[in-house]
Amino acid sequence: METEMGFSRFALFLFTIALLSSPVLSDLVLSKVDRRIYLTSQIVRYTATLRVENEGSELVSEVLLAFPELQAKNLAYLTVSVNEGKGKQKVSTDDLPIEVVSPKNMPPAVSFYSVTLPKGLAPGDSLTLDVMAVFTHALQPFPEKITQADIQLVVFQDSAYYLSPYAVKVQSLSVKLPEARIESYTKLENTKVHGSEIKYGPHEDLPAFSYSPIGIHFESNQPFSNAQEVEREIEISHWGNVQITEHYKLIHGGAQSKGEFSRLDFQARPNVRGASAIRYLVATLPPRAHSVYYRDEIGNISTSHLWSDSKKTELLIEPRYPMFGGWRTAFTIGYGLPLQDFLFQSEGKRFLNITLSSPMVELVIDKLIVKVVLPEGSKDISVSTPFPVKQWQETKISHLDIDGRPVVVLEKTNVVPEHNKYFQVYYKFNKLSMLREPLMLISGFFFLFVACIVYTRADISISKSSASYLAKQQWEEVQAAIQQVESIINRCLATHDKLEASLRDLSRTGDVQACKAARKTADGLLKDLSKELKPLLAFLQSSPSASQILPKVEDLVAKEKELQERVMTKHSTVVDAYERKSAGKDIENRVALQQQKITALKQEVDDLMEYIDEI
Amino acid sequence: MMAVLIALVASSPTKGWSGRSLSLLDPTYASKYIPIIASVSEHQPPTWPSYFMDINVLAFLVPAGIIACFSPLSDASSFVVLYIVTSVYFSGVMVRLMLVLAPAACILSGIALSQAFDVLARSIKFQLPGFPTNSEVDAGDSNPITVEAKNNAPKTDKTGEPSKDRPSRKNKKKGKEQAERPSVKGKPEKKRLLVLPMGASILALLLLVLLSAFYVVHSVWAAAEAYSAPSIVLTSYSHDGLHVFDDFREAYAWLSHNTDVDHKVASWWDYGYQTTAMANRTVIVDNNTWNNTHIATVGTAMSSPEKAAWEIFNSLDVKYVLVVFGGLVGYPSDDINKFLWMVRIGGGVFPHIKEPDYLVNSFL
């Protein structure tokens with residue numbers, strides 16, 4: 001406190017000296033100045049209503065605003081607008097252009113901003129200007145280190161008199177504090193305290209550059225959430241989605257925490273122990289935001305809530321631990337938005353209209369980087385922002401990219417929620433380029449399949465007279481021949497079955513003639529089949545690659561022949577016996593031996609067929 | 001060189017064999033000499049319920065499988081029997097070796113179940129009304145089984161008919177059937193096969209299927225609840241839904257963001273790997289419990305009064321000490337629960353830490 005007051009006194013000294021030597025600027029006079037300073041959060045908001053009168057004889061086109069340099073360093077946002085309403089109705093118009101100027105012969109340690117009036121102020125006329133300024137890091141925590149049980153007290157310093165290069169006729173100042181608990185404040189005459197509001201003034205007839213330092217020491221339990229770096233990536237996909245990923249590095253910007261942190265005390269009596277801790281952050285996302293995730297390096301953080309309605313989506317996130325002074329954390333938030341809410345067309349160009357800064361409520365950002373990733377094939381990229389930012393272009397290589405996607409990078413320091421305005425990125429994109437990605441995938445798969453087809457059907461043998469090729473061909477011929485042999489043998493067996501069936505019929509009906517007829521047809525068939533068999537056997541004998549299978553085939557043929565003979569003999573014996581009308585038992589005895597042999601042969605034939613089948 | 005090595009190995013009483021594997025043969029070895037091995041809960045002998053929890057229904061199918069392996073006893077089946085017997089012994093010594101028992105139990109109970117299904121399905125198949133007969137089948141592939149089944153189920157229908165018919169038609173037919181019989185009997189594989197009554201076998205089949213279904217349900221549940229619960233995020237179900245305790249990750253995130261990169265963290269060895277991975281800080285001891293003396297140093301520091309502990313931690317250049325306390329939410333396996341093991345392990349290397357000093361009644 002001592003050093004702060006000391007410096008302010010020095011500044012006052014400078015100003016009084018400067019006062020004596022300051023020139024009289026153009027003949028503007030501020031007839032009424034009403035200032036309101038809101039200290040209700042960590043961000044200091046300042047509004048001033050200036051009534052400017054032109055008491056000179058020339059048209060004045062600019063008005064100078066002055067801020068002490070220390071304050072100007074913390075200035076994040078400044079707008080001035082003309083207030084056109086009369087009396088109680090105040091209507092604000094567009095913001096006026098503001099420039100930083102440094103006019104000559106001015107007192108040091110003061111920053112000047114020049115506001116250009118649209119129509120100029122005629123002599124004798126008066127104008128009402130609304131000035132809105134936002135300051136960050138303007139509240140100094142004092143004491144600088146507190147324990148968990150202490151309350152957080154901060155100091156705010158300003159001047160009771162409006163610092164201006166023009167004389168002020170009537171002015172007043174009102175300071176709004178977050179709570180009714182004020183530790184101390186500078187008391188001038190005309191100072192009144194109403195609850196949590198301090199009123200200084202009204203003061204009358206003060207010359208230009210009058211400055212009276214005041215300091216207010218008060219309790220503020222507002223969360224001093226300060227993001228040291230925020231990286232916001234906006235990726236556009238023409239298939240219907242805008243994906244936003246935000247990385248935050250947060251620090252608690254209030255009084256540093258000393259001593260220990262007792263979770264038990266914090267949970268049991270949160271308002272007494274740890275009232276100034278950051279417990280949660282609220283982000284206001286656009287409506288129809290989907291797939292919201294909140295995670296950090298380690299994994300998903302489950303302490304979050306999401307509410308959505310038709311106007312906005314609200315996300316409340318709690319960091320992994322409550323943040324006390326000086327503590328840091330880092331996390332990532334991501335969400336998707338429907339494309340049609342943000343991408344529009346005008347004059348052959350498409351443009352993206354989206355908010356620039358983080359959606360978090362009351363967050364002070366020291367460095368904000370916004371990256372807009374446009375789809376590959378975008379050309380003629382231009383950006384229009386409501387206030388100056390540093391910008392450059394990069395390339396990002398992502399899914400199915402050949403060259404990479406163009407990225408527009410915007411950077412700004414000292415960002416407050418008032419900066420969260422809409423900005424536009426214009427680019428040209430050929431509609432046909434949209435087909436590039438699906439065509440790439442389709443053609444990739446297509447060529448893969450064609451290659452497989454070609455590979456399986458192509459004959460990639462080097463020459464048609466190579467030994468293995470010929471051998472394969474011969475083997476195939478042998479196999480075909482064997483198959484034919486098998487079918488012949490099967491037909492022989494079928495004929496045997498017919499003969500057996502005829503025998504059964506005979507036992508049932510006693511019709512010998514039919515049996516004999518069946519015998520005759522069977523005979524004929526068998527003869528034909530053996531005729532067919534001969535050339536096949538000859539071929540097999542001649543072909544060299546059938547050498548290992550040939551013995552089996554010959555065996556099979558021989559066995560089948562034997563079987564044939566036995567069946568024939570059995571048949572004839574039975575028929576003879578029937579003709580001679582001998583007893584059943586007799587018949588059986590006679591054919592018993594034959595029958596045994598027949599069944600054994602049948603079995604062997606079957607085995608051989610199976611064996612040949614398997615080769 | 002080789003001789004020196006052999007001499008060294010031969011000179012120790014257990015021929016150079018020590019540690020976890022020796023505690024398999026002598027379960028008391030670890031608790032006497034190396035308390036850190038004894039402190040790991042997976043090295044304790046299992047309780048009887050843990051067998052049922054892990055292998056469930058297989059516990060009584062395994063003996064059936066062993067019996068099934070003995071008939072016939074081949075090389076493969078005797079290997080399986082030896083495998084199950086040794087794995088049952090070793091899993092009884094150390095519960096972690098239940099992993100070794102599991103495949104053997106699965107194999108044997110698979111054998112038992114398949115034999116059971118074989119018998120039951122066969123019984124049903126032979127007693128089905130539409131079972132095809134062998135009256136038109138060649139002698140070559142007639143089923144010896146069907147012949148026997150017909151002998152055993154005389155009360156059924158058409159399948160019985162041809163056998164009855166045959167003796168009566170012997171005089172008309174030319175003895176083919178009789179010739180068939182001797183050839184049938186001449187076949188090498190003729191077994192007496194068991195067939196149970198139809199109703200009982202259907203019921204038994206359904207019950208076995210139901211048993212297997214319950215086994216599947218239990219296995220899925222055990223895998224989901226008992227073996228998949230991550231111990232880093234704890235959940236509890238209260239009257240207002242699921243409550244998640246993410247305290248471990250909160251502590252590691254705090255360490256990661258709010259301490260210097262070269263600050264060292266001392267904790268019990270259970271949290272070593274997690275601290276290294278998530279908090280990205282150097283730890284003194286971690287889950288690779290390789291250096292017993294180092295762990296004993298940390299254990300001694302945890303069990304000493306503040307001044308002595310401060311000196312030990314100072315000598316280890318420790319900035320932060322991580323201790324887990326579960327009293328506020330009722331978490332049972334916190335550092336207070338493990339405290340006696342810290343005492344035992346520390347006392348194993350530093351004799352001034354004596355376990356009875358930390359117990360109220362020394363005979364506990």
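The values are calculated or read from the model by the stated rules, or taken from the named source; none is laboratory data. Since this is a predicted model, take the numbers as computed values, not measurements. As a convention, Cβ positions derive from the backbone with ideal geometry for all residues, glycine included, and neighbour counts pool all protein chains shown. Calculation scope for accessible area: heavy atoms of the full protein, side chains included, ligands and nucleic acids excluded. Shrake-Rupley method; radii C 1.70, N 1.55, O 1.52, S 1.80 Å.
The table that follows gives values for the structure above.
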read-out	value
Residue within region A:531-547 that is within 14 Å of another protein chain (Cβ to nearest Cβ) and in contact (Cβ under 8 Å) with a residue 24 or more places away in the chain present	no
Single match in B:105, B:30, B:76 (criterion: in a helix (DSSP H, G or I), touching a residue at least 24 places away in the same chain (Cβ under 8 Å) and of a type in the set (A, V, I, L, M, F, W, C))	B:105
Top-ranked residue of region A:272-301 - restricted to ones that are in a loop (DSSP other than H, G, I, E, B) and among the charged types (D, E, K, R), ranked as least open to solvent (accessible area, probe 1.4 Å)	A:296
Pick from region A:575-589, criterion part of a helix (DSSP H, G or I) and more than 10 Å from chain B (Cβ to nearest Cβ), ranking: farthest from the chain's Cα centre (by Cα)	A:580
Members of region A:191-226 found to be part of a strand (DSSP E or B) and of a type in the set (Phe, Trp, Tyr), listed by number	A:200, A:218
Residue count for region A:367-383, restricted to those that are among the charged types (D, E, K, R) and at pLDDT 95 or above	2
Selection status of residue A:572, open to solvent by less than 80 Å² (accessible area, probe 1.4 Å), within 14 Å of chain B (Cβ to nearest Cβ) and outside any helix (DSSP H, G or I)	no
Top-ranked residue of region B:28-81 - restricted to ones that are open to solvent by 60 Å² or more (accessible area, probe 1.4 Å) and closer than 30 Å to residue B:351 by Cα, ranked as modelled with the highest pLDDT	B:45
Residue match in region A:579-591 (condition: touching a residue at least 60 places away in the same chain (Cβ under 8 Å) and farther than 24 Å from residue A:486 by Cα)	yes
The one condition in (1) open to solvent by 60 Å² or more (accessible area, probe 1.4 Å); (2) under 26 Å from residue A:414 (Cα atoms) that residue A:162 fails to fulfil	(1)
First in region A:290-313 and under 18 Å from residue B:279 (Cα atoms), second anywhere and open to solvent by 70 Å² or more (accessible area, probe 1.4 Å) and not small (Gly, Ala, Ser), Cβ under 8 Å, 6 or more apart	A:300/A:293; A:301/A:295
Among the candidates A:30, A:127, residue that is open to solvent by less than 30 Å² (accessible area, probe 1.4 Å) and touching a strand residue (DSSP E or B) at 6+ places or on another chain (Cβ under 9 Å)	A:30
Odd one out for residue A:567, checked against (1) more than 10 Å from chain B (Cβ to nearest Cβ); (2) open to solvent by 50 Å² or more (accessible area, probe 1.4 Å); (3) at pLDDT 80 or above	(2)
Pairs with Cβ under 8 Å, 6+ apart, first in region A:599-615 and away from chain B (no Cβ under 13 Å), second outside any helix (DSSP H, G or I) and buried (at least 16 other Cβ atoms within 10 Å of the Cβ)	A:612/A:549; A:615/A:549
Residue count for region B:108-123, restricted to those that are buried (at least 19 other Cβ atoms within 10 Å of the Cβ) and β-branched (Val, Ile, Thr)	1
Some residue of region A:254-264 being more than 13 Å from chain B (Cβ to nearest Cβ), open to solvent by 70 Å² or more (accessible area, probe 1.4 Å), in contact (Cβ under 8 Å) with a residue 12 or more places away in the chain and of a type in the set (S, T, N, Q)	no
Elements of type strands (runs of 3 or more DSSP E) contained in region B:193-310, each with 1 or more residues being more than 13 Å from chain A (Cβ to nearest Cβ) and within 30 Å of residue B:55 (Cβ to Cβ)	B:234-238
Residue check for residue A:203: within 46 Å of the chain's Cα centre (by Cα), of a type outside the set (Asp, Glu) and more than 29 Å from residue A:358 (Cβ to Cβ)	no
Residues of region B:89-99 that turn out to be crowded, with 17+ Cβ neighbours inside 10 Å and closer than 18 Å to residue B:57 by Cα, as a count	2
Selection status of residue A:414, open to solvent by 70 Å² or more (accessible area, probe 1.4 Å) and in contact (Cβ under 8 Å) with a residue 40 or more places away in the chain	no
Residues that are at pLDDT below 80 and away from chain B (no Cβ under 13 Å), drawn from region A:473-513	A:511, A:512
So residue A:94, is it surrounded by fewer than 17 Cβ atoms within 10 Å (Cβ to Cβ), part of a strand (DSSP E or B) and within 46 Å of the chain's Cα centre (by Cα)	yes
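Per-residue answers, yes or no, for (1) open to solvent by 30 Å² or more (accessible area, probe 1.4 Å); (2) among the hydrophobic types (A, V, I, L, M, F, W, C):
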position: A:303; (1), (2): yes, no
position: A:308; (1), (2): yes, no
position: A:315; (1), (2): no, yes
position: A:325; (1), (2): no, no
position: A:331; (1), (2): no, yes
position: A:340; (1), (2): yes, no
position: A:344; (1), (2): yes, yes
position: A:348; (1), (2): yes, no
position: A:355; (1), (2): yes, no
